[in-house]
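Peer 1: Take a look at this one; I'll ask things after.
The values are calculated or read from the model by the stated rules, or taken from the named source; none is laboratory data. Being a predicted model, the structure only gives us computed values, none of them experimental. Quick reminder, even Gly has a Cβ in these numbers, built from the backbone with ideal geometry, and neighbours come from all protein chains shown. Protein only, heavy atoms only, side chains kept; ligands, DNA and RNA dropped before computing areas. Shrake-Rupley method; radii C 1.70, N 1.55, O 1.52, S 1.80 Å.
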Amino acid sequence: MKFPNKLDTSSKKFVCPNCNKKTFVRYLEVETLNYLAAEYGRCDRESECSYHKSPLIGKIGYSIPFLSLKSISDKAYKLTAENGTIHIVPKTVIMEQNENSCFIAEWFLKNSKLSYLTSECKIFEKDGKVNVFVPAEQKPKVIPDYHSIDLLDKLYCNDSNTDNFTEFLKTKFTDKEVFKMKQDYFISATNIPWDNSTVFWRIDNNETICCGKIMQYDKYTGRRIKQPNNRTTWIHKYYEPPSFKLSHCLFGLHLIAEDYSKIIAITESEKTAVIMSQFIPDYIWLATGGKGNLKLELLQPIKNRKIVLFPDKSEYNDWLNKATALNAKGYKISVSDILENTDYPNGFDLADLYLSLENE
């Protein structure tokens, strides 16, 4: 098969659309040496990521084993898959037929319930040539565990525990405002493993409780306690069995259905998202929980929404590169530089800015 393009042989690297590391080599047009679309390229992290998407010529078909394939009209087959499920398949999408399998067009499979991603695939070119590719065996998907609503209720409704973050909020906002912030994000208190710690629950858009992050704050400054060690851990380590399989989502994701017209605002820290929800309620405020967590898989539930990123000071360029890669996949993301062009120290965030303005 001939390719009118090639991988860039220079040392220039881009942010990989899969793993978000700057290890992505893009494809070039041979004649013009212009880069193709940002999705086409290969990640150099072959063992950790292995993303590779090439601009292949021709139509892709995947091998689908069957128990039977019977014609039911001049336009369709009834395909009985190996697992016994029955599928109606247009004859026009059958690209090659064998005794116990057939190659079906990729575009049709994407919208069907047939399993195909680990199957052999072929590229059927216009000149009749066929190129065969065997995808690498995929690791079995780990099924995550989730927390029960009973555990959330137990901690959220336990009035005997107080957390330092809430106590800090009370010094900056009214009781009514603090109650709304706690209620919106289900901010809870626990004395495990540290007294007066805060639980930031991560609840997804299906209202599934994915995980809970425990953090300890100073009630006077609102800063995380990092000495003698960084006091951050996860709720499942203390309230769930050792076999618990952790899953993640964006903090605040459960709020996205409250108003589909609102813009989604994303910060790094949970604390910042909570505080900014009071200062700018016209946005729905979410958080990644870490500067490296701006990932495709976490943003998929909000792909069709308008998104504004508010990176901490010094993280603007990193989040801008990631937003550019995500926008090439159909996202609508802009990145605020409100902190980047200031004299504030690195790590200064949007909540720091608004709280400082309140004190002036």
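Peer 1: Just tell me which lysines come within less than 23 Å, Cα to Cα, of residue 306; anything on the same chain fewer than 8 places away is out.
Peer 2: Cα-Cα hits under 23 Å: 262, 271, 291, 295, 322, 329, 332.
Peer 1: OK, next. Would you mind pulling out the separation of the Cα centroids of segment 296-353 and segment 188-236, in Å?
Peer 2: Spelled out, the Cα-based centre of one part sits 23 Å from the other.
Peer 1: Hey, can you grab everything whose amide H is under 5 Å from the amide H of residue 67? Only 5+ residues off in sequence or another chain; H modelled, so Pro and N-termini drop out.
Peer 2: For residue 67, whose amide H was placed from the backbone, the distant partners under 5 Å are 80, 81, 82.
Peer 1: Counting only heavy atoms of protein chains, what accessible area per residue, in Å², does segment 182-284 have with a probe of 1.4 Å?
Peer 2: With the other protein chains kept in place, segment 182-284 gives 44 Å² per residue.
Peer 1: For helix 316-327, what angle does its Cα long axis make with the longest principal axis of the chain, in degrees from 0 to 90 and rounded to 10?
Peer 2: Compared with the principal axis, the helix lies near 40 degrees.
Peer 1: Name the long-range amide H neighbours of residue 96: under 5 Å, sequence gap of 5 or more, or other chain; modelled H, no Pro or chain starts.
Peer 2: Result for residue 96 returns 103.
Peer 1: Another question, then. What does the highest-first list of 65-75, 213-223 look like by mean Cβ count within 10 Å?
Peer 2: Packing proxy ranking, top to bottom: 213-223, 65-75.
Peer 1: Pop out the ³J(HN,Hα) list for segment 235-245 in order, Karplus 6.51 cos²θ - 1.76 cosθ + 1.60 with θ = phi - 60°, rounded to Hz; leave Gly and Pro as x.
Peer 2: 3J(HN,Hα) across segment 235-245, in whole Hz: 4, 5, 5, 10, 10, 10, x, x, 7, 4, 9.
Peer 1: Taking the 0 to 90 degree range and rounding to the nearest ten, how far is the long axis of helix 175-185 tilted relative to the main principal axis of the chain, both from C-alpha atoms?
Peer 2: 20 degrees
Peer 1: Ok, one more. Give me, ordered by chain and number, the residues 5 or more places off residue 7 or on other chains with an amide H under 5 Å from its own placed amide H.
Peer 2: For residue 7, the qualifying residues are 28.
Peer 1: Can you tell which of 193, 345, 311 shows the greatest fluctuation in a Gaussian network model of the chain with Cα springs below 10 Å?
Peer 2: Of 193, 345, 311, the most mobile in the Gaussian network model is 345.
Peer 1: Let me ask you something else. For 240, 207, what's the largest-to-smallest order of accessible area, 1.4 Å probe?
Peer 2: My answer, sorted largest first, is 207, 240.
Peer 1: Straight distance only, please: which aspartates and glutamates reach the Cα of residue 53 with their own Cα at less than 18 Å, same-chain residues fewer than 8 apart left out?
Peer 2: Correct list for residue 53: 8, 29, 39, 44, 106, 120, 125, 137, 297.
Peer 1: Sum up the charges of everything whose Cβ sits under 13 Å from the Cβ of residue 315, counting Lys and Arg as +1 and Asp and Glu as -1, but leave residue 315 out.
Peer 2: -3
Peer 1: Give me the number: length gained by fully extending residue 161 to residue 262, i.e. 0.36 nm times residue separation minus the C-alpha to C-alpha distance, one decimal in nm.
Peer 2: 33.0 nm
Peer 1: A follow-up question, please. Rounded to the nearest 5, what % of the DSSP beta bridges within the chain are antiparallel ones?
Peer 2: 80 percent
Peer 1: Starting from the Cα of residue 35, move 7 Å in the Cα-to-Cβ direction to define the label point; list residues of segment 327-344 whose amide nitrogen is under 14 Å from there.
Peer 2: Answer for this model: 327-329.
Peer 1: Which of 92, 171, 23 ends up with the largest GNM mean-square fluctuation for the chain, with Cα atoms connected below 10 Å?
Peer 2: Sorting by GNM fluctuation, first place goes to 92.
Peer 1: Please pull out the direction-averaged projected area of segment 146-197, using the convex hull of its alpha-carbon atoms, in nm² to one decimal place.
Peer 2: 3.9 nm²
Peer 1: Mean residue ellipticity at 222 nm from the helices of the chain, using -39,500 (n - 2.57) per DSSP H segment of n ≥ 4 over the full residue count, to the nearest 500 deg cm²/dmol?
Peer 2: Theoretical 222 nm ellipticity from helices: -5000 deg cm²/dmol.
Peer 1: How many nm separate the modelled label positions at residue 118 and residue 317, each set 7 Å beyond the Cα in the direction of the Cβ?
Peer 2: For the pair residue 118/residue 317, the computed spacing is 4.2 nm.
Peer 1: Only one of the values (i) 47, 27, 18; (ii) 28, 24, 22; (iii) 35, 30, 19 was calculated from this structure for semi-axes √(5λ) of the Cα gyration tensor in Å; name its label.
Peer 2: Calculated semi-axes √(5λ) of the Cα gyration tensor in Å: the matching label is (i).
Peer 1: Now for a different question. Using only Cα atoms and rounding to the nearest 10 degrees, what angle (0 to 90) does helix 270-279 make with the longest principal axis of the chain?
Peer 2: 70 degrees
Peer 1: What does the charge count near residue 239 come to, summing +1 for each Lys or Arg and -1 for each Asp or Glu among other residues with Cβ under 15 Å from its Cβ?
Peer 2: Around residue 239, the surrounding residues sum to +1.
Peer 1: Now for a different question. Keeping all protein chains in place, calculate the accessible area per residue for segment 74-117 (probe 1.4 angstrom), answer in Å².
Peer 2: Normalised by residue count, the accessible surface of segment 74-117 is 64 Å².
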